[in-house]
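The values are calculated or read from the model by the stated rules, or taken from the named source; none is laboratory data. Please read these numbers as outputs of a predicted model, since none were measured by experiment. Accessible surface is based on the protein model in full, side chains and every heavy atom, while ligands, DNA and RNA are left aside. Shrake-Rupley method; radii C 1.70, N 1.55, O 1.52, S 1.80 Å.
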Amino acid sequence: VRTSADIRAELAEAGAPVLLAFSCGKDALASWLALRDSGVERIVPYYMYYVPGLRFVDESLDRFEQEFGQRIVRYPHPSLYRWLNHFVFQAPERLALIEAAALPTPTYDQIVQIIREDHGLPATTWVADGVRAADSIVRRTSIKTHGPMKPASRKASVIWDWQVAEVRSRIAHEI
């Protein structure tokens, strides 16, 4: 299994833009910094919201945009559509309107493809995430089974082999 440093070096050497699934969490932040440190020239961070317009989320994203001098694009998370279509947390008087809207139920991959298209990026553009094997047994098993770089889905876990101490250390040096 390749190290995350090797994966980041491969992404940088390719010279192509990399999408970054950015959640505002420590692992996403460390992933952004690690990609930048490795020489990836164009990182396109995106955030998928569950509820649009939450002030504390917007304030966090604004802070990171100022810190990095770059826009973090916002898109609805596929779960938002599922929740609406299944009337989760909805008042009874909204149900008929939601049903009449006949909202689609896009997959995560469909939303990512929309992000690629919005930015004029090819379907082969890699999506980096902050998944770490040390985070949970489920994540470790997934990385062991499927690997940290999945060519079919174009997903790469760019700090998969980092411990939390490395994540915190890298962030502490920057922010």
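Structure above, values below:
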| item | result |
| --- | --- |
| Carbon/sulfur fraction of accessible area - the chain, other protein chains in place, 1.4 Å, % | 55 percent |
| Added length on full extension, which subtracts the Cα-Cα distance from 0.36 nm per residue, Arg139 to Arg71 | 21.6 nm |
| Cut-off under 5 Å, modelled amide H: who pairs with Tyr49 long-range | Tyr75, His77 |
| Against the rule of thumb 2.2 N^0.38 Å, how large the Cα Rg of the stretch 74-120 comes out | 1.33 |
| Radius ratio Rg over Rh of the chain, counting only Cα atoms, Kirkwood formula for Rh | 1.00 |
| Whole-Hz couplings from phi, Karplus 6.51/-1.76/1.60, listed for the stretch 82-93; x for Gly and Pro | 4, 4, 5, 5, 9, 6, 5, 6, 10, 6, x, 5 |
| Accessible area of Phe56 in the full protein assembly, 1.4 Å probe (Å², nearest 10) | 140 Å² |
| The chain: antiparallel DSSP beta bridges as a percent of all, rounded to 5 | 10 percent |
| Gyration tensor (alpha-carbon) shape descriptor, the stretch 26-122, a/c threshold 1.5 | prolate |
| Karplus-derived HN-Hα couplings along the stretch 28-42 (A = 6.51, B = -1.76, C = 1.60, θ = phi - 60°), whole Hz, x at Gly and Pro | 5, 5, 5, 5, 4, 5, 5, 4, 5, 4, 7, x, 5, 6, 10 |
| Theoretical gain in end-to-end length, Gln90 to Glu41 [0.36 nm per residue, Cα-Cα removed] | 13.3 nm |
